[in-house]
Every structure is written in structure tokens, then in C-alpha cells.
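The values are calculated or read from the model by the stated rules, or taken from the named source; none is laboratory data. Computed from a predicted structure; not experimentally measured. FYI the Cβ positions are ideal-geometry reconstructions off the backbone, even for glycines, and counts take in every protein chain you see.
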Amino acid sequence: MLPDRENLARLILASIKAPISWRGLLRQMKVERKDRQEFKKLLEKLVSEGRLVKVRGDKYALSGRMRLIPGRLWYKDYRKYGWVTPEIESQSDIYISSHKFKGALRGDRVLVKIEKGARKGYKPEGSVVRVIERAPHKITGLYKPQGKHGWIIPIDAGELPQVFVPPDKKGDAREGVYVIADIIKYPSSARPPEGAVKEVLGYPEEPGIDVEVIIRKYDIPYQFPENVFKEADALPSEVNEEEIAGRTDFRHLPTITIDGERAQDFDDAVSVEKLPNGNYQLGVHIADVSHYVAEGSPIDSEAFRRGTSTYFPDKSIPMLPRQLSSGICSLNPLADRLTLSVVMEFNSQGNRVGYSFHPSVITSKERMTYNAVKKLLVNKDTFLRQRYAHLLESLELMEELCHLLLEQKQKRGSLDFDLPEPDIIVDHRGEMTSIVKTRRNIAHRIIEEFMIAANETVAAHLFTHNPISLYRVHDEPDPEKIAKFSMFITRFGYHLPSSLSPTPVQSLQDIVKKVEGKPEEPIVVYSLLRTLKLAHYSEKNSGHYGLAMPIYTQFTSPIRRYPDLVVHRLLKNLLQRSEGEVGRRGYSSHKLGEIARQSSDRERASFEAERELIEWKKVKFMSHRVGEECPAFIKEIDRSGLHLELEEYFVEGFLPISALGDDRYHYDESHYRLKGERTGKVLQLGEHLTVIVARVDRERRLIEFSLP
């Protein structure tokens with residue numbers, strides 16, 4: 001009898017020392033005749049996963065021994081270059097020239113052969129050997145007929161070439177409509193991709209078409225299945241006494257929620273009290289979604305598929321049905337709600353000296369907003385201080401504790417950016433009407449620091465008592481990217497320590513503090529953000545570089561993030577076992593790895609969808625402002641011209657070098673600037689200019705500037 005699939009896979013991989021045939025492997029592993037079919041299936045699965053590879057003579061070999069590495073291909077522009085993120089942890093990203101993609105597209109799982117080792121400051125170089133697994137490739141773009149056939153022009157110009165549509169595959173597509181198409185033939189060096197239209201979305205001017213296009217492009221589930229609706233409809237709308245029994249009753253605490261003005265669901269509430277010993281007791285109370293959503297239920301399966309909620313300026317796509325996200329799990333004011341609470345004690349230096357966890361019940365006393373709390377604490381607004389007199393002492397304690405935690409954060413060296421962010425204002429048709437510049441205030445800081453404290457406390461407890469968990473990890477940046485960033489900031493007179501490798505996060509935070517309030521602040525901070533890796537989920541703890549924490553997870557948003565819901569289950573299971581109860585079986589490391597990958601992928605898709613939709617709305621907004629003069633600053637420079645950001649609108653556009661009519665300019669790469677040949681005039685990063693919005697290409701979402 002064969003061992004289970006995982007153990008058998010390990011035995012197979014351990015037994016292959018050199019390329020070996022199917023029959024040779026059968027003899028070597030003494031596989032009985034009745035088990036051969038099952039054995040064959042597992043071999044093919046290992047090949048499809050990229051752990052084995054078939055070589056000449058129909059033999060099997062280990063991918064690693066053949067210097068073949070599995071990973072995912074990524075690129076910004078298919079015409080230029082890409083990189084493969086390996087699935088081998090010790091392997092750095094691999095540079096792939098576009099002519100070596102071998103028909104692979106963005107997001108595909110591929111096998112890569114390394115052809116040139118890494119040189120100092122550069123990635124190793126390789127080529128795609130074959131595609132292991134295709135990523136979902138739905139093509140979103142404008143349909144253009146040409147005779148009997150047609151073409152789809154992707155809305156993302158760097159995604160892939162124009163897609164050829166045969167006459168019998170155009171469906172109901174008409175000229176100028178947005179369509180969704182599947183790839184039916186993948187591209188090669190000799191031919192473009194071929195597609196079949198699956199859905200016609202509408203014309204560019206139709207209200208809401210931008211949202212419809214984006215959610216299809218990023219494969220964001222926007223309709224709940226019928227069985228999810230049925231399960232959600234059966235949920236209670238109020239907490240009953242039977243559910244409260246056995247929980248810690250925190251309804252007496254001065255608990256509040258603090259969120260944005262337009263927030264619709266509230267999954268975290270906070271309370272702070274001063275203890276007799278002078279310490280602070282912070283309660284972070286998180287909606288107990290796991291009480292209502294059973295693992296493996298229809299709602300849970302759909303939440304896993306979605307991974308996260310997605311928030312557009314004029315529409316949100318929740319991870320959970322509204323009965324949960326805006327109903328029984330939302331910590332609405334003056335309503336009893338079931339929660340999972342982290343109660344932490346901090347001393348006068350802001351050090352945590354104790355903590356406990358509680359399945360609990362709370363009643364939020366108020367639904368506060370960031371602006372109201374800021375006016376109350378910073379502006380000392382008389383009306384608001386009277387209106388919230390019953391919470392004033394608690395809010396002031398929150399401010400005190402927040403400042404102590406920020407001091408600890410600064411000592412730790414955690415990265416802390418405070419650039420203004422755009423808040424997109426839209427009307428009832430989804431049309432953008434204005435962009436408001438916002439900055440974090442004390443209320444944002446309070447919630448941010450309290451949530452970080454809770455997340456870190458939960459992570460440390462889980463890691464100590466059951467390391468098989470789900471973590472939020474942020475890896476150290478690539479040395480070559482740090483080297484480029486270090487060279488870049490010397491242009492502004494800043495320097496990183498050259499002797500430290502890897503670069504400690506404290507050194508990067510020191511740069512952030514030095515540029516604060518300076519004209520070059522946005523340029524340096526944007527460059528640093530591009531240098532850092534993306535945080536992601538993992539079943540293995542490797543620390544959080546940006547927060548300068550050895551262990552971190554996410555626990556505080558189970559309404560809108562699936563990993564947080566999983567962490568709730570892990571914590572509750574641990575609490576049950578510590579009290580002598582029989583806890584649920586728990587998650588295997590393999591299952592947590594699957595959850596981590598799915599959640600990271602969906603988080604990335606959601607982020608890109610939100611970002612792209614905002615850019616789309618910005619371009620449409622600017623199309624009505626052609627001819628306007630606007631102040632801007634230079635954000636990036638290359639040989640073709642200047643990339644600028646409008647100061648008022650947070651909108652980026654391009655000023656071609658040909659539009660600089662007062663001289664002939666040359667790109668000085670070593671100093672990141674343009675220099676006039678005759679006048680010697682210099683245009684450099686961070687410099688402020690007044691520009692005219694000269695042209696807006698809504699199809700390609702490009703904005704071009706000229707000079708007055």
C-alpha cells in the first residue's frame with residue numbers, strides 16, 4: 001500500500017539522484033502493480049507543480065538539479081522585461097528579457113533556467129523553459145473591428161499585445177465597446193494572442209462602466225452565490241442572551257469605534273482606562289466573525305475565494321454578505337455585539353507589561369469619526385467637548401497612550417510615512433467631482449497604534465504556544481534595490497550607512513525623518529516605497545521588516561480580511577485548549593500555506609483594482625480640464641521627458657522633452673536631471689513648474705502636459 005500523498009511525494013523526491021525512467025522509478029521504489037496508476041498520477045502532479053521535470057528520454061529529474069526553478073512571472077510591460085519570483089525561499093528574483101518569455105504571461109507559473117549568475121547590484125538572468133500553470137487571463141479592452149475579424153486593445157497597454165479575434169469569436173461585440181475575452185491561443189514570437197469575446201460590458205460613456213470593467217479585469221467576485229444568501233438570511237440580527245453566556249462582559253467599558261466619515265462596517269472598537277497602579281489598560285475589541293461563520297460553510301468558502309473586501313470611491317465589494325458586514329458583526333453604536341478582545345496593560349514608558357484574551361460582549365458607546373476626534377483633541381472644539389463629555393477622559397487617555405506607543409515605535413526604528421493622500425469625491429453617477437488632500441491626524445494614529453499593538457500581541461502569543469499559524473511578513477529589501485536607492489538619495493545630499501548589510505530599517509526611517517517637510521520629501525519617499533518589498537501572508541514567520549517586529553500577524557479586521565478570520569479561529573482554539581476544553585482540530589501547515597497564498601494574491605488584485613479605478617477616474621476628471629494651467633512638481637525624469645504630478649489633484653502626467661522649446665535638453669543620468677545645451681538650464685527632481693493640461697487620451701489613460 002502506498003503512503004499518503006505528501007509522504008509519498010517526499011520519498012519520490014528523495015529517491016531521484018539522477019534522471020530516471022518511469023519503469024526504473026517503479027523498480028527502485030518497489031511499487032506494486034495495483035498502485036501504479038495512483039503512483040503515475042502523483043508523478044504527473046509533481047511535474048505540474050514544477051518539483052519534477054521531464055527531460056530527454058522521457059525521464060524524470062529534480063528541477064533543482066537541472067537548475068530549473070519554479071516561480072511566477074511578473075512584468076510591467078510585456079515588450080520590455082520581467083522577473084520571476086521563485087518559490088525557493090533562498091533564491092532572489094530572476095531577470096527575464098521579454099524575448100525569453102516563451103509565450104508566458106503575467107502571473108503564469110513557470111519553470112526558469114538560470115543562464116547568468118547574479119553580479120553585484122544585479123539580479124541573476126534566465127529564460128522561461130515552459131509554463132507550468134496559466135494564471136487566469138481574462139482580457140479587458142476596447143473592441144475594434146477590421147473586416148470580418150477584429151482586435152481587442154487591452155486597457156492595460158503593458159499587459160499583452162493586441163488580441164486577435166476570429167470572425168466566429170466576436171459574439172455581440174460592436175465597435176468601441178468594452179469587452180471581456182478569454183485567450184484561446186497564447187502568443188508566440190510569430191503570432192499575437194487569439195481571443196474569444198465572452199461578455200460585452202458597454203460603451204466608455206455609460207455610468208459605472210469603469211467599475212464594471214475593473215472588477216471583471218481583476219476577477220473580483222461581485223455577486224454572492226445563492227447558498228451564501230440563504231445562509232446569511234438565516235443569521236440572527238441581534239445578539240441573544242444564550243450567546244452571551246460564558247463570555248466576558250465588557251459592556252460597561254467606555255468603548256468606541258473611530259473610522260472614516262463614509263465607513264459602512266465597523267469591526268474594531270477600543271477602550272482605555274487608567275489602572276490604580278498608574279498603568280494604562282487598553283482594550284481592543286474585534287467583531288467575533290468566527291462565531292457566525294463556520295469553517296467550510298458556504299459563507300466561509302466564498303470569503304476564502306474573495307480574500308478581502310474591495311473599496312472603490314463609489315462602490316464597495318464586501319468579503320462577507322451585508323447581513324454580517326453591516327449587520328450582526330458590525331460594531332454599531334448602542335448595540336450589543338459579540339467580540340474577541342485583547343486587553344493589554346502598558347506602563348508609563350509605553351511598554352506592554354501584561355495581556356489577556358477574552359471571548360466577550362461589548363456595546364459601543366459612540367460611532368466616532370477621525371475628523372471629530374481630531375477637532376475634539378487637537379482643536380479643543382467647545383461644542384464637541386460638550387457633546388462627548390462622557391467620553392472626554394477616555395479619549396484623552398487614548399491620546400496619551402498613543403504618544404507613548406509612538407515613542408516606542410520610533411525607538412524600534414519602524415518605518416512611518418506621513419505623505420498626504422488623495423480622497424476621491426464622486427457624485428451619484430460615480431463621476432469624480434474633486435480630490436481632497438488628506439493627512440493622518442491624531443485619531444488615525446490612535447487606531448493605527450492600538451491595532452498594531454493588538455496584532456503584535458496575538459502574533460507573539462500564537463508563536464509561543466503554537467507556531468503553526470498565519471503571519472503577516474515583510475521581507476528585507478533586495479540589496480541591489482537598496483544600493484540604487486542609496487545612490488539616488490545622494491542627489492539630495494542624503495546618505496545611507498555603507499557598512500551595514502542588510503540595511504537596518506532604522507537607517508531608512510532616519511532618511512524619512514530628514515526629508516520631512518522638505519521639497520524633495522515626496523520624491524524620496526516614493527522612491528523608498530518602490531524599493532521595499534510588498535508585505536504578504538505566510539504560514540512561516542520571518543518577521544516584519546517595515547514595522548521592525550520579529551513576529552506580526554493581522555487580527556483586527558475579520559469582516560474584510562480572510563486571514564484575520566483564520567487567526568481568530570487559531571486563537572480561540574488555543575484558548576479552548578488552555579482551559580481544558582476540546583478544541584477543533586485546527587489548520588495544517590499545508591492548509592495555512594494555501595490560505596496565505598490565496599489571500600496574498602487576492603489582496604494584490606484588490607489593491608491593483610482600487611488603484612487602477614482611481615487612475616481611470618482621474619483621467620476622466622482631467623479630460624474636462626484640457627487647457628487649464630496647474631502647479632506641478634517633477635516626480636521622475638528619463639530621456640524622453642518629465643513625469644510630473646499636479647499638486648492640487650494628485651494626478652500624474654508627462655511633459656515630453658520636445659515640449660521644452662526654450663533649448664535642446666539632454667538627460668544627465670548620473671544626476672537624474674535634464675540640462676539645456678545652450679542655456680545650461682537644469683530641470684531636476686522635485687522642482688516645481690506651472691504646466692498646461694495639453695492632451696488627455698482616455699483610451700490609454702495618458703495625460704500630456706505642455707508649458708505656458
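What do you reckon, is Lys533 at negative phi, outside any helix (DSSP H, G or I) and either basic (Lys, Arg) or surrounded by 18 or more Cβ atoms within 10 Å (Cβ to Cβ) (or both)?
Answer is yes for this residue.
List, please: which pairs have Cβ atoms under 6 Å, are six or more places apart or on different chains, and start with a residue in region 550-565 that is within 20 Å of Gly283 (Cβ to Cβ) and end with one that is at pLDDT 95 or above and among the aromatic types (Phe, Trp, Tyr)?
Thr553/Tyr471; Asp564/Phe555
Enumerate the pairs (first residue in region 91-106 and assigned by TED's automatic domain parsing to the domain that holds Glu125 and over 17 Å from Lys123 (Cβ atoms); second residue anywhere and among the small types (Gly, Ala, Ser) and outside any loop (DSSP other than H, G, I, E, B)) with beta-carbon separation below 8 Å, excluding pairs fewer than 6 apart on the same chain, so at least 6 apart or on different chains.
Cβ pairs passing all conditions: Lys102/Ser127; Arg106/Gly82.
Among the residues of region 249-278, count how many are in contact with a Ser or Thr (Cβ under 9 Å, 6 or more places away or on another chain), surrounded by fewer than 17 Cβ atoms within 10 Å (Cβ to Cβ) and at pLDDT 95 or above.
Qualifying residue count, region 249-278: 5.
Say we look at region 125-153 and pick out the residues that are free of Cβ contacts under 8 Å to residues at least 60 places away in the same chain and either hydroxyl-bearing (Ser, Thr, Tyr) or buried (at least 20 other Cβ atoms within 10 Å of the Cβ) (or both); which of these is farthest from Lys185 (Cα to Cα)?
In this case the residue turns out to be Gly126.
Go through region 155-209 and give me each residue that's part of a loop (DSSP other than H, G, I, E, B), of a type outside the set (Lys, Arg) and more than 30 Å from His99 (Cβ to Cβ).
The answer is Gly171, Asp172, Ala173, Glu175, Gly176, Val177, Tyr203, Pro204, Glu205, Glu206, Pro207, Gly208.
Between residues in region 289-316 that are more than 18 Å from Ser330 (Cβ to Cβ) and residues that are in a strand (DSSP E or B) and of a type in the set (D, E, K, R), which pairs lie under 8 Å by C-beta distance while being six or more apart or on different chains?
Close Cβ pairs (under 8 Å, with a partner that is in a strand (DSSP E or B) and of a type in the set (D, E, K, R)) amount to Gly307/Arg561.
Quick check, is Lys230 more than 27 Å from Leu404 (Cα to Cα) and not hydrophobic (A, V, I, L, M, F, W, C)?
yes
Return the residue satisfying two criteria in turn: it lies in region 425-455 and is among the basic types (Lys, Arg) and outside any loop (DSSP other than H, G, I, E, B), and of such residues it is farthest from Asp314 (Cα to Cα).
Only one residue tops the list, namely Arg445.
Can you run down the residue pairs with Cβ atoms below 6 Å, 6 or more apart or on separate chains, where the first is in region 680-695 and assigned by TED's automatic domain parsing to the domain that holds Glu628 and more than 12 Å from Ile634 (Cα to Cα) and the partner is part of a strand (DSSP E or B) and among the hydroxyl-bearing types (Ser, Thr, Tyr)?
Here the result reads Ile692/Ser706; Ala694/Ser706, each pair linking region 680-695 to a residue that is part of a strand (DSSP E or B) and among the hydroxyl-bearing types (Ser, Thr, Tyr).
What number of residues within region 628-676 satisfy the criterion of being of a type outside the set (A, V, I, L, M, F, W, C) and either out of contact with any strand residue (DSSP E or B) (no Cβ under 7 Å at 6 or more places or on another chain) or farther than 30 Å from Met432 by Cα (or both)?
Selection size over region 628-676: 19.
Just need a number here: residues in region 631-675 that are outside any loop (DSSP other than H, G, I, E, B) and loosely packed, with under 15 Cβ neighbours inside 10 Å.
Count: 9.
Examine region 361-368 for a residue that is within 29 Å of Arg429 (Cβ to Cβ) and buried (at least 17 other Cβ atoms within 10 Å of the Cβ), and state whether such a residue exists. Give the derivation first.
To start, the set of residues in region 361-368 that are within 29 Å of Arg429 (Cβ to Cβ) comprises 367.
Keeping just the survivors that are buried (at least 17 other Cβ atoms within 10 Å of the Cβ) gives 367.
Yes, region 361-368 contains at least one residue that is within 29 Å of Arg429 (Cβ to Cβ) and buried (at least 17 other Cβ atoms within 10 Å of the Cβ).
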